[in-house]
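Quick notes on the structure that follows.
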Amino acid sequence: MPYVAPPSQRTVAPAASLALTCGLLSLPLTLALGLGAILGTIAIVAGVVGIRQVTNAPASTKGTGRAVTGIICGVGGVMVGGPILAFVLLLAGLL
């Protein structure tokens, strides 16, 4: 019986993990003065970068699900937290 090499371990794309973390944190922080909009924006950008990392090296990286989840949560954080953040900045006189 010939030797069969064990399957190589695929690493998670760092941007995908960042997208998931920022996206999930953006949801509760949305109600805290709209700060979730900032984290949501970071999650969207990191999610797109994470998807590109996975598609460029599919044999060695994984994390598409994390990236997509981060993008979806980030969009929710931006859509809900964006108007709240704009209102808070308007009240503070910064906008």
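The values are calculated or read from the model by the stated rules, or taken from the named source; none is laboratory data. What you see is a predicted model, and the numbers here were worked out from it, not measured in a lab. Please note: Cβ atoms are built from the backbone with ideal geometry, for glycine as well, and neighbour counts cover all protein chains shown. Calculation scope for accessible area: heavy atoms of the full protein, side chains included, ligands and nucleic acids excluded. Shrake-Rupley method; radii C 1.70, N 1.55, O 1.52, S 1.80 Å.
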**Failed condition for residue 73, given (1) at pLDDT 95 or above; (2) more than 30 Å from residue 92 (Cα to Cα)** = (2)
**Request:** Can you tell me which residue within the range 41-63, out of those that are touching a Gly at 6+ places or on another chain (Cβ under 9 Å) and of a type in the set (A, V, I, L, M, F, W, C), is most open to solvent (accessible area, probe 1.4 Å)?
**Result:** 45
**Prompt:** For the subset of the range 75-85 comprising residues that are open to solvent by 40 Å² or more (accessible area, probe 1.4 Å) and among the aliphatic types (A, V, I, L, M), which member is farthest from residue 18 (Cα to Cα)?
**Reply:** 84
**Asked** Hey, any hits in the range 1-13 for a residue that's in a helix (DSSP H, G or I) and touching a helix residue (DSSP H, G or I) at 6+ places or on another chain (Cβ under 8 Å)?
**Response** no
**Message:** Anything in the range 1-16 that is of a type in the set (Phe, Trp, Tyr) and surrounded by 22 or more Cβ atoms within 10 Å (Cβ to Cβ)? List them, or say none.
**Reply:** none
**Qualifying residues in the range 28-37 (those that are assigned to a helix (DSSP H, G or I) and either touching a residue at least 12 places away in the same chain (Cβ under 8 Å) or of a type in the set (Ser, Thr, Tyr) (or both)) - the one most open to solvent (accessible area, probe 1.4 Å)** = 29
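Within the bounds of the range 70-86, is there any residue that is on the phi > 0 side of the Ramachandran plot and in contact (Cβ under 8 Å) with a residue 40 or more places away in the chain?
No, the range 70-86 contains no residue that is on the phi > 0 side of the Ramachandran plot and in contact (Cβ under 8 Å) with a residue 40 or more places away in the chain.
A quick yes/no check of all residues on (1) out of contact with any Gly (no Cβ under 8 Å at 6 or more places or on another chain); (2) open to solvent by 70 Å² or more (accessible area, probe 1.4 Å):
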| site | (1), (2) |
| --- | --- |
| 18 | no, yes |
| 26 | no, no |
| 39 | no, no |
| 65 | yes, no |
| 68 | no, no |
| 73 | no, no |
| 94 | yes, yes |
**Asked** Which one of 11, 21, 30, 55 is of a type in the set (S, T, N, Q), at negative phi and within 10 Å of the chain's Cα centre (by Cα)?
**Response** 21
